[in-house]
Every structure is written in C-alpha cells, then in structure tokens.
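Notes follow the structure.
The values are calculated or read from the model by the stated rules, or taken from the named source; none is laboratory data. Note that this is a predicted model, so its numbers are computed, not measured. Note: ideal-geometry Cβ built from the backbone for every residue, glycine included; neighbour counts use all protein chains shown. To get the accessible areas, we keep the full protein, side chains included, count just its heavy atoms, and leave off ligands, DNA and RNA. Shrake-Rupley method; radii C 1.70, N 1.55, O 1.52, S 1.80 Å.
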Amino acid sequence: MNTNPSQNNRVLSGMRPTGKLHLGHLHGVLHNWLELQHTHECFFFVADWHALTTEYDNTKIIPGSSTEMVIDWLSAGVSPSAATLFIQSHVPEHAELHLLLSMITPLGWLERVPTYKDQQDKLKEKDLATYGFLGYPLLQSADILAYKAGNVPVGEDQVAHVELTREVARRFNFLYGKEPDFEEKAKLAISKMGKKNAKLYREHRKRYQEQGEAEALEVAQALLESQQNISIGDKERLFGYLEGQGKIILPEPQALLTKASKMPGLDGQKMSKSYNNTISLREDAQSVEKKIRTMPTDPARVKRTDPGNPEKCPVWQFHEIYSSEDTRTWAREGCTSASIGCIDCKQPVIEAVEVELQPIRERANEYLEDEATVQSIIKEGCEEARDVARDTLDDVREAIGLS
Ligand code: TRP
Ligand code: SF4
C-alpha cells in the first residue's frame, strides 16, 4: 500500500461527451455526483480528449457536446460552487503528464487492460489500432494523478483503469521518489513535529516496519495528517518514510464503484443511446408522454381483458423506481386482475417522470438562454483545475529532474 491519506479525500471523475444525457445517467452517475459534491472536494470534467480516441474522424460534434454536457450536469443539480467543473483539453497539464507517464509504462500493462480488446471488438467499424486508443487508460491515469485524487467514482467497466493508475503511480514513486538525501530530510522533518509527536511517529513506524502492524501504520498516518507545523513536502516525505520508500509524489487513487443504474430503457433493456430506448434529461413533456404511452408491456396482455404479469413488463420497472407503495399495489392488482388497462397503468409513471424532469428542463432552458453564464462557469472551473494540475506538474518535473 502506498497511499497518502492527506489527499485521499479529493474526488475526480470525467465523462466523455457522447451526446445528450438521459435518465440512465441521472439515476446512475449524476445522483452519485450530487451526493459527493457535498461531502468531498470534487472535480468533474468533460473528457473530450478521451472522446477523440474513438471519434477522431468525426470531431465537429465535440466542442458543442462539451458545453451541452456541462449544461446537463448543471441542470441536474451539479453545483459550480460545490464542485469544480472543467474541460479536459483546456488543461494541457493532462497531456504533459500523460506523456511523462508514457515513458515509464510498460506496453504490456496497456495491452492487458480488458477494455482495449473489448472496445476494439465492439466498435469493429472503427479503426482503433491507434497509438492514442492504446493510451486511453493511461490518459485517464494522468487525469486522476494530475489532481492527486484519492477517490474516483466510476462504473464497473472502468475499475481496471483505476487499477492501472495505481500501478503507474507506484512505479513513478518508486523511480522518482528517491531524493539523494531522503533519509536525512525525513529525519529533519520528524524533528519538526515536536518531541512528543516525533517519538510517537518513530515508535509506530518501527512497529509497522518490524512487526508489520497495519494498525500502527494507520495511527502514524493519522498523526501526520493532524500536523499543522510541517510543510506539505515534509508530510509527503514522512508518509513515504513510514512505508519504507521514498517520497510519495503521486498518491494511489481508489475506485469508488458507482452502483449500476437501476433505470431500464423504454424496452426493458439497459437505457442506452445505442439501443434507442432513452428519455433524455431535456426531453419535452409531450415526447416523454408519447414514449411512455408506446412502451411495450407484458406481451401476454393482448386485449384489455387479458390479465398481465408485471414481472414481464418494462413499465413495472419504472413503477419500481418512481411509484409509491400504494401506486405499486394498485398497478400490480389492476394488472393481474385485468381491472386496469396498460394506459391507465402508465399514467402515474408519466406524471412522476414529468415531476422529475420538469425542473431539470427549466434550469436547462435558463442556461441555454444565458450562454455567458455557462461559459464563465467553465472558464472558472478550468482555471481552478489548472492551478491544481500545475502544482502537481511542478512536483512531477522536479522529481524527474526536468525543472
Ligand atoms: N473513461 C471514462 C469513461 O469512459 C471517462 C474518464 C476519462 C474518466 N478520464 C477519467 C473517469 C478519469 C474517471 C476519472 O467513462
Ligand atoms: Fe405492464 Fe401495467 Fe400493463 Fe401490467 S398493466 S402489463 S404492469 S403496463
């Protein structure tokens, strides 16, 4: 383990701009972000360079979709005062870090990432035998490490990318975390903690290194965490010194697995643009109504008088998300006894989706009418992000010997 708890609280996540966000995003990723923004320092960004790895032959849509995506986030309730929102390509430090990390990343690590072959198979019509596509997960590592983020909310399919990031960070720290006078600097830093704390630190370090007591490591880390009198550089040295290696420059992040969205598509499959079964966040009321009214239902209910089975009906899955206990009981009983029709059954779902989407749509309209506000949110976010990423790159260059 090679973690640095002092930065562990920061959250970073990105989304590729691949078109309008829909209810699947809202009930998966976005609800998760909305919670995190109040408990953690959050950085959320539009991964437009990542989109380029697969859309390099169709770049016209990217700039527009980046702004549209930020509008969707804002409309869903992501708050620019609680989280930093930015666009990847506006922070060139990501590219510099990607390049530097590429020097130390064995090819085999990238070739083994499961998404590499999976996506190539899945997107057969595209030529993904490119250098950029192979580097996709390493660019993601640079995204994460540029902010020394401790937590990365991602879906199941992205966990391997966070795993790779941990390996790359470990390798980086191993190669470049060794200052020639590390030991002396660490000892000097210990003495700056004051007599009592220095003694505690030494004791716990010894217990961890000699007895392997994980608890002693945690105590020492918490102790370091609470030190006000030593510099960040000294803290990083002492976190590294605890575990026996050099200074930790790039802390290893952790994946925060986002629960898969329970939101099904209109046809009962996963909601996804490629299945053409979505309701977008800004869909107008008439269109939502029409889409739900024409949703398929239990195929056994051919006539109004045929009883149905909610378990075989996609509309029922919507009830499970949107309806109260009472409404569900009404729908279930009405369905199995054929006392209600499918259109009756769909009505409360139509209303509930509208209650959810109406304020989102309204906010989106406000932002659409006030492009300047959106642009200034993005601009400020990019500047904030850049300040953090610049600091990291200063550390990184210095460690490599490029400064
Ligand atoms: N690869 C992610 C996806 O396809 C998007 C992404 C890019 C990302 N960089 C990231 C997610 C950094 C988390 C952290 O969904
Ligand atoms: Fe589905 Fe409701 Fe129709 Fe039953 S009554 S088949 S649950 S839409």
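From the list 290, 206, which one is within 20 Å of residue 187 (Cβ to Cβ), open to solvent by 90 Å² or more (accessible area, probe 1.4 Å), not polar (S, T, N, Q) and not in a loop (DSSP other than H, G, I, E, B)? Explain how you work it out, then say what you get.
On the way: 290 fails: within 20 Å of residue 187 (Cβ to Cβ).
It is 206.
Which one of the conditions (1) within 16 Å of ligand 1 (Cβ to nearest atom); (2) crowded, with 20+ Cβ neighbours inside 10 Å; (3) more than 14 Å from the chain's Cα centre (by Cα) does residue 30 fail to meet, given that it meets all the rest?
All conditions are met except number (3).
Go over the candidates 178, 196 one by one and state the one that is at pLDDT 90 or above and open to solvent by 40 Å² or more (accessible area, probe 1.4 Å).
Details: 178 fails: at pLDDT 90 or above.
Result of the check over 178, 196: 196.
When you check residue 376 against the structure, is it more than 19 Å from residue 296 (Cβ to Cβ), away from ligand 1 (no atom under 16 Å from the Cβ) and not in a helix (DSSP H, G or I), yes or no?
Working: more than 19 Å from residue 296 (Cβ to Cβ): yes; away from ligand 1 (no atom under 16 Å from the Cβ): yes; not in a helix (DSSP H, G or I): no.
So residue 376 fails the test.
Is at least one residue of the range 263-280 within 16 Å of ligand 1 (Cβ to nearest atom) and under 30 Å from residue 398 (Cα atoms)?
no
Is there a residue in the range 67-89 that is in contact with a Ser or Thr (Cβ under 8 Å, 6 or more places away or on another chain) and surrounded by fewer than 22 Cβ atoms within 10 Å (Cβ to Cβ)?
Keep residues of the range 67-89 that are in contact with a Ser or Thr (Cβ under 8 Å, 6 or more places away or on another chain), which gives 87.
Restricting the remaining residues to those that are surrounded by fewer than 22 Cβ atoms within 10 Å (Cβ to Cβ) gives none.
No: the range 67-89 contains no residue that is in contact with a Ser or Thr (Cβ under 8 Å, 6 or more places away or on another chain) and surrounded by fewer than 22 Cβ atoms within 10 Å (Cβ to Cβ).
Quick one: in the range 315-338, of everything that is in contact (Cβ under 8 Å) with a residue 24 or more places away in the chain and within 20 Å of residue 355 (Cα to Cα), which residue is most open to solvent (accessible area, probe 1.4 Å)?
320
Looking at (1) within 20 Å of residue 30 (Cα to Cα); (2) within 16 Å of ligand 1 (Cβ to nearest atom), find the lone condition where residue 389 falls short.
(1)
For the range 229-241, indicate whether the set of residues that are surrounded by 15 or more Cβ atoms within 10 Å (Cβ to Cβ) and within 16 Å of ligand 1 (Cβ to nearest atom) is non-empty.
No, the range 229-241 has no match at all.
Pairs, please: C-beta under 9 Å, at least 6 apart or cross-chain, first residue in the same structural domain as residue 100 (by TED's automatic domain parsing) and in the range 386-397, second open to solvent by less than 60 Å² (accessible area, probe 1.4 Å) and of a type in the set (S, T, N, Q)?
Hits for this filter: 388/84.
To keep it simple, each residue is scored yes or no on (1) part of a helix (DSSP H, G or I); (2) within 11 Å of ligand 2 (Cβ to nearest atom); (3) within 25 Å of the chain's Cα centre (by Cα); (4) not small (Gly, Ala, Ser).
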| site | (1), (2), (3), (4) |
| --- | --- |
| 305 | no, no, no, yes |
| 333 | yes, yes, no, yes |
| 363 | yes, no, yes, yes |
| 380 | yes, no, yes, yes |
| 384 | yes, no, yes, yes |
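Just wondering, is there one or more residues in the range 131-138 that are free of Cβ contacts under 8 Å to residues at least 12 places away in the same chain, more than 16 Å from ligand 2 (Cβ to nearest atom) and either surrounded by fewer than 22 Cβ atoms within 10 Å (Cβ to Cβ) or not acidic (Asp, Glu) (or both)?
Within the range 131-138, one or more residues are free of Cβ contacts under 8 Å to residues at least 12 places away in the same chain, more than 16 Å from ligand 2 (Cβ to nearest atom) and either surrounded by fewer than 22 Cβ atoms within 10 Å (Cβ to Cβ) or not acidic (Asp, Glu) (or both).
Scan the range 293-303 residue by residue and report those that are in a loop (DSSP other than H, G, I, E, B) and either open to solvent by 80 Å² or more (accessible area, probe 1.4 Å) or without any contact (Cβ under 8 Å) to a residue 24 or more places away in the chain (or both). Even if it seems obvious, please write down each step before you answer.
Here is the first cut: in the range 293-303, the ones in a loop (DSSP other than H, G, I, E, B) are 294-303.
Result: 294, 299, 300, 302, 303.
Can you pull out the helices (runs of 4 or more DSSP H) entirely within the range 112-168 that have at least 2 residues that are away from ligand 1 (no atom under 12 Å from the Cβ)?
114-122, 131-134
When the residues of the range 249-287 are narrowed to those that are exposed (fewer than 15 other Cβ atoms within 10 Å of the Cβ) and among the basic types (Lys, Arg), which ends up farthest from residue 349 (Cα to Cα)?
259
Quick one: which residue in 315, 302 is at pLDDT 95 or above, in the same structural domain as residue 349 (by TED's automatic domain parsing), hydrophobic (A, V, I, L, M, F, W, C) and over 16 Å from residue 26 (Cα atoms)?
Result: 315 is the single residue among 315, 302 that is at pLDDT 95 or above, in the same structural domain as residue 349 (by TED's automatic domain parsing), hydrophobic (A, V, I, L, M, F, W, C) and over 16 Å from residue 26 (Cα atoms).
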